[in-house]
Every structure is written in structure tokens, then in C-alpha cells.
Amino acid sequence: MLTRNRLRELFDYDQETGELARKVPTGRPRKGSKARYRRHNVDGVDYYEHRLVWLYVYGDWPTKDIDHINGDRYDNRIDNLREVTVAQNHMNRRAKSFLKGVTWDKRKRKWQAQIMLNKKQGFLGYFDCPAAAHMAYQIAADEKFGAFARRA
């Protein structure tokens, strides 16, 4: 298993930018598409960059998931990373639509606010405008998720 000492032999870490840079270049680090995380191959094994940063800074492998607090998967500054459970990590996911928790109900011709709680969709109400529906989502997310609530 990769150790902190071996990682520090191979890489430098810039805490201001959150980037790992190989001390001896072996080609470009493999970067995924926008939907994927940066990965590096170390001694024949692929690792996600955010997990390597955790090992580099703290000296131990994370025992849980690593969450990017601001939602940017490429921002691997240690201040932007935190160890969380899978459930907490899902609470901090980005919205798939233009406003998180808001959908258009064609039948009712209103904006609907919803929130996912314990793997079940929670209904928050119907609204005349998307901003009001999103506000209902934000209030519920702050109550239920606290520091893990994703606002956008």
C-alpha cells in the first residue's frame, strides 16, 4: 500500500492551489472528463488525487469518503476537503437542474419543491415561481443537512 513517505518522494503538493505535481515527470497525470475526478498512477495503481492529498497532508488514508466542500471536484486544497460518510457526501451534491430541489409539474402547472431524506423523496409544496420553490428547498436543506447543505 502507498505510504506518505513514498508519495512525498514522488510528488510536491501546493496547498494554495490544491495541485499535486510529480517531482520527476512521467507524462501527464490522467485527467478525467468534467464528470470525473483527477487520477494519478503511482507504482502501477490508480488513485484519486483528493485521496492522495489527504494522505500527503495527514499521513493516513481516509477511512470514509472525501467531500469537496465547495462542490468543485478539481479543487483539492486541503481546506476544501473533509472526511464524511456516504450519506453526508450525497447531501452536498450539485443540482442536476437549474435550481436544486425544484422541478416543473406540467399537470399542476406549478413549480414543485422536493428534498431527498433517507433515500425517500420529501414533498415541500407547489409554488408559482422557481425562486420560491428553491427557497423552500434551501430552508429544508439547512434544517436537515446543516453544514452539508448544497445551496446551488
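All of the numbers you see were taken from the coordinates with simple rules; none came from a lab. For clarity, every value in this text was computed on a predicted model and none was experimentally measured. Quick reminder, even Gly has a Cβ in these numbers, built from the backbone with ideal geometry, and neighbours come from all protein chains shown.
Listed by Cβ neighbour count within 10 Å, with the fewest neighbours leading, E16, E83 appear as E16, E83. Under 17 Å from the Cα of K100, which aspartates and glutamates turn up, not counting those fewer than eight places away in the same chain? Partners within reach: D72, D128, D142, E143. What translational diffusion coefficient, in µm²/s and rounded to a whole number, does the Stokes-Einstein relation yield for the stretch 4-84 at 20 °C and a viscosity of 1.002 mPa s, taking the hydrodynamic radius as the Kirkwood radius over Cα pairs? Estimated diffusion coefficient is 167 µm²/s.
Among the listed pairs K64/K144; K64/K120; K64/K108, a Cα-Cα separation exceeding 31 Å is found for K64/K108. Its Cα gyration tensor gives the stretch 92-148 an equivalent ellipsoid. The semi-axes, each the square root of 5 times an eigenvalue, are 19, 11, 10 Å from largest down.
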